[in-house]
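S.K.: One structure, pasted below without further comment.
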Amino acid sequence: MNEENQEMEPQFVEIYGEDGKIVKCEIYDVIDFEEKTYALLLPVEENEEDEDAEVIVMEYIEEGEDGYFQNIEDEAEFQKVCAYIESLEDEEEE
C-alpha cells in the first residue's frame with residue numbers, strides 16, 4: 001500500500017455486487033498499471049471488518065471531475081493486473 005494512503009482516513013465506496021445488492025467497500029489501494037488505474041476494494045460489514053474478505057479489483061475511470069469503478073471484463077487483463085498486484089506484495093515482503 002502507498003505510504004500516503006496509510007496516513008489518510010479510510011475512504012469508502014458502494015458498488016453493486018454480483019447479486020445486484022449494494023456492497024460497502026473500503027478503498028484499500030489505488031494502482032496504476034499499463035496506462036490504466038485500478039482500485040483494490042475491501043468489502044466491509046456495517047459494524048465489523050471481515051478479515052477473510054477477498055479483495056475486489058476494479059478499473060477506476062475518471063471523466064472530468066467525476067470518477068467511477070468498472071468491472072474488468074477481459075479475463076486476460078484481469079489476470080495480468082492480479083499478477084502485477086501479487087508482484088507488488090512480494091516486493092513489500094522482501
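S.K.: Regarding residue 59, is this residue modelled with pLDDT of 95 or more and surrounded by 10 or more Cβ atoms within 10 Å (Cβ to Cβ)?
M.R.: Here the answer is yes, as residue 59 does meet what is asked.
S.K.: Just give me the residues in the range 63-94 being under 22 Å from residue 22 (Cβ atoms) and open to solvent by 70 Å² or more (accessible area, probe 1.4 Å), in sequence order.
M.R.: The answer is 63, 66, 68, 70, 71, 73.
S.K.: Counting only residues that are within 18 Å of residue 82 (Cα to Cα) and open to solvent by less than 70 Å² (accessible area, probe 1.4 Å), which one in the range 43-54 is modelled with the lowest pLDDT?
M.R.: Across the range 43-54, the extreme among qualifying residues is 53.
S.K.: When the range 25-41 is examined, which residues are found to be crowded, with 16+ Cβ neighbours inside 10 Å and of a type in the set (Val, Ile, Thr)?
M.R.: 27, 31 - these are the residues of the range 25-41 that are crowded, with 16+ Cβ neighbours inside 10 Å and of a type in the set (Val, Ile, Thr).
S.K.: I've got another one for you. Since residue 22 meets every condition but one in (1) modelled with pLDDT of 95 or more; (2) in contact with a Phe, Trp or Tyr (Cβ under 7 Å, 6 or more places away or on another chain); (3) exposed (fewer than 12 other Cβ atoms within 10 Å of the Cβ), which condition does it not meet?
M.R.: Only one criterion in (1) modelled with pLDDT of 95 or more; (2) in contact with a Phe, Trp or Tyr (Cβ under 7 Å, 6 or more places away or on another chain); (3) exposed (fewer than 12 other Cβ atoms within 10 Å of the Cβ) is unmet by residue 22, namely (1).
The values are calculated or read from the model by the stated rules, or taken from the named source; none is laboratory data. Here the structure is a predicted model, which is why all the values come from computation and not from measurement. As a convention, Cβ positions derive from the backbone with ideal geometry for all residues, glycine included, and neighbour counts pool all protein chains shown. What goes into the accessible areas is simple: the full protein's heavy atoms, side chains included, and nothing from ligands, DNA or RNA. Shrake-Rupley method; radii C 1.70, N 1.55, O 1.52, S 1.80 Å.
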